[in-house]
1. Could you name the lysines whose alpha carbon sits less than 20 Å from that of K197, not counting residues in the same chain fewer than 8 places away?
2. From the convex hull of the Cα coordinates of region 198-293, what is the mean projected area in square nanometres?
3. Post the alpha-carbon centroid distance, region 15-33 to region 219-258, in whole angstrom.
4. May I ask you to list the lysines whose Cα is less than 24 Å away from that of K19, ignoring any residue fewer than eight positions away on the same chain?
5. Residue by residue through region 20-34, what is 3J(HN,Hα) from phi via Karplus (6.51 cos²θ - 1.76 cosθ + 1.60, θ = phi - 60°)? Round to whole Hz and write x for glycine and proline.
6. Give me the compactness ratio for the chain, meaning the Cα radius of gyration over 2.2 N^0.38 Å.
7. How large are Rg and Dmax for region 242-310 when only the alpha carbon atoms are used, in Å?
8. For the charge dipole of region 242-310, defined by +1 on Lys and Arg C-beta atoms and -1 on Asp and Glu C-beta atoms about the Cα centroid, which residue among P288, V275, P299 has the Cα displaced farthest towards the positive pole?
Amino acid sequence: MANTIIETKDLKKYFDTLKGPCKAVNKVNLRIKQGETFGLVGESGCGKSTLVRTILKLIEPTSGQIFLDGVDITDYKKKKLMALRKKMSLVFQDPHSSLNPRMTVFDTLSRPLKIHNLTKNNEETMIEITKLLKLMGMQPEHMIRFPHELSGGQKQRIGIARALAVKPELIFLDEPTSALDVSVQTKILKLLNKTKKIRDLTYFYISHDINLIRVVSDRIGVMYLGQIVEIGEVDLIYNNPIHPYTKGLFASVPEPDPDKKIKGEPLSGEVPSPVNPPMGCSFAPRCPFVEPKCREEKPKLKLLSDGRRVACHKDNLR
Ligand SMILES: Nc1ncnc2c1ncn2[C@@H]1O[C@H](COP(=O)(O)OP(=O)(O)OP(=O)(O)O)[C@@H](O)[C@H]1O
Ligand SMILES: [Mg+2]
């Protein structure tokens, strides 16, 4: 079995707000295996980006633990954090705003190389950047361009190249194609797939597009109001979602082929505020199968015989 590259234990990230703490990530337990593509899916505001930013230590966790290759990195600061930045990196959602408009492609890509002392001189930097551009299907002459001289797809290729520059083991992709046209999206997905093989990478892929997550992932986690409600092999979950939220989420997506349409009640009602989440199961107020216990006790993720985990009190949802 593949090694675990990232593990979180009861990870929480609460933001202080005027109305009280916003429980954006609320006790998340996950394991990402070396070499896999893990897809995180869930509606807007459920805490996907916050979870990733917390794992990357771009923001401080409120409580819980994060392990990278078995080492507890929860309290890493300064120098040790620098070492982390070489192991895992992030591709942002919007390539139009994530690149500095005043920096050329060369400047953007040489920064991580210089910060981490990965190249000794300008010549080595040039060689490395040329390699990165080639990997991204771009030409050496793109080095002198500014972001406004690039198309959306090219900008995102630079965003990916920047994440790859430090030769990380793990890349977090936070909606990397959602700001792009569909045809460009497909090209970027192919490129990511190819790069993963060449560089032997692990991907943590975030999207609220469940059709996309299905195509790219080996395993998925379904997130609702700061928590993982179902996690396991992608085909198992798509062919037979078990958590009522997963069922609802999948049933809410337009599917042209009626045979493939997942049966279940599409989601109704509003997502409660993470500042004031429900007492028991977070999904209880919207759940068609709710029982009194669900409103009192938070269900834990339980391991099922097929290897997936589901956080639901009902045992007979299959
Ligand atoms: N810096 C912050 N201060 C206060 N609240 C925050 C902050 N960042 C995020 N939140 C809140 O945390 C919750 C989770 O936000 P997050 O951006 O992680 O969701 P998301 O799943 O990535 O959503 P989307 O799909 O829209 O990107 C939201 O309620 C959001 O308003
Ligand atoms: Mg987000």
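1. K33, K86, K87, K131, K134, K167, K187
2. Computing the convex hull of the Cα atoms and averaging its projections yields 7.8 nm².
3. Region 15-33 and region 219-258 have Cα centres separated by 21 Å.
4. Of all the lysines, those that pass the test against K19 - Cα under 24 Å, at least 8 places apart if same chain - are K27, K48, K298.
5. Rounded to whole hertz, the list is x, x, 8, 7, 5, 10, 10, 6, 9, 10, 9, 10, 10, 8, 4.
6. Dividing the Cα radius of gyration by 2.2 N^0.38 Å gives 1.04.
7. Reported Rg and Dmax, both Å: 13.7, 40.
8. P299
FYI, it's all coordinate maths here, none of it is from the lab. Given the structure is predicted, the values throughout are model-derived calculations rather than measurements. Quick reminder, even Gly has a Cβ in these numbers, built from the backbone with ideal geometry, and neighbours come from all protein chains shown.
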